[in-house]
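Remarks on the structure that follows.
A short reminder: the numbers here are calculations on the coordinates, not readings from a lab. As the structure is a prediction and not an experimental result, all values here were calculated from the model. Methodologically, a virtual Cβ is constructed for each residue, glycine included, from the backbone with ideal geometry; neighbour enumeration extends over all protein chains shown.
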């Protein structure tokens, strides 16, 4: 495994967990086990920006979500995020998103939030996890809703999708308030796929009466109320996300829904939530009452 990539990943994780604090070059150097100068150079090499720029972009995106979801003053958000002045914060927000934070707070619209990806290391970590791990299966219902999606062309999984539409779709979707709390990835059934469009898409579920802005290149489709079986694995190390996903896929293949009076529903989309190590990998597979 590349020790330089590991060092950058450690710095990213430190920034994520200490974003509300003042983060110094010395602290990042201590985490990476390299000098402040060399750790900053590695960060720039792998991520294309300095740690200071990375932290600023991440803070601006977090501040945008606060302005969208909370009734708070711009000055309070600016101070909480560590900006020296409201003017400085407003200039930074305008440069990042193309609109003034006061304007955005009054009328939130889709913007391109900064969603960093963890640095890739040389080791793929596609091994099977050691020891027996639990898979939790619960029944849940998704209400009637609409979903704002970005279609690909032929993609049937995440990496092919990113190659077709780019990897910044998630940041835009994250800026749209979801009725379920977060954006989703979906495998669409044939009935929801026009010719020449991908099975795999990313989207944000919104209310049936949503009348907000739809970003350019996106579209909105309607989904009926649907029942799902939610498959959730145990928490995992971020490096083990491939194994965590495969773990759920194998469980889905082995599970027989007829044992609980259900059968798979091929007319509703299968849903994938963002793989987050702290909560375990989650997928929702649509089901319907078994025909007698």
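Counting only DSSP H runs of at least 4 residues, each contributing -39500 (n - 2.57), and dividing by the residue count of the chain, the helix-based mean residue ellipticity at 222 nm comes to -11000 deg cm²/dmol.
Nearest 10 degrees is fine. How inclined is helix 36-47 to the longest principal axis of the chain, computing both from alpha carbons? Approximately 40 degrees, to the nearest 10. With the simple spin-label model, which puts each label point 7 Å out from Cα in the Cβ direction, the residue 45 to residue 252 separation comes to 3.9 nm.
Hull volume per residue, based on the alpha-carbon atoms of the range 135-289 and their convex hull, is 113 Å³. Of the peptides 141-153, 233-245, the order by per-residue mean of other Cβ atoms within 10 Å, starting with the highest, comes out as 141-153, 233-245. Packing around the peptides 48-54, 11-17, taken as the average count of other Cβ atoms within 10 Å per residue, puts them in this order, highest first: 11-17, 48-54.
Each residue, residue 180 and residue 209, gets one label point 7 Å from its Cα in the Cβ direction; the gap between the two is 2.2 nm.
Helix 241-254 and the longest principal axis of the C-alpha atoms of the chain enclose an angle of approximately 10°. The long axis of helix 3-17 is offset from the longest Cα principal axis of the chain by roughly 90 degrees. Computed over the alpha carbons of the range 59-218, Rg followed by Dmax gives 18.8, 54 Å.
Over all pairs of different C-alpha atoms in the chain, the reciprocal of the mean inverse distance, the Kirkwood hydrodynamic radius, equals 21.1 Å. Starting from the Cα gyration tensor of the range 238-292, take the square roots of the eigenvalues, sort them a ≥ b ≥ c, and report rounded, prolate or oblate (rounded when a/c is under 1.5, otherwise prolate if a/b is larger than b/c, else oblate). Note, shape of the range 238-292 comes out prolate.
Reported to the nearest whole Å, the Cα centre-to-centre distance from the range 179-244 to the range 16-79 is 29.
Which of the three applies to the range 197-292, rounded, prolate or oblate, going by the alpha-carbon gyration tensor with a ≥ b ≥ c and a/c under 1.5 meaning rounded?
Since a/c reaches 1.5 but b/c is at least a/b, the shape of the range 197-292 is classed as oblate.
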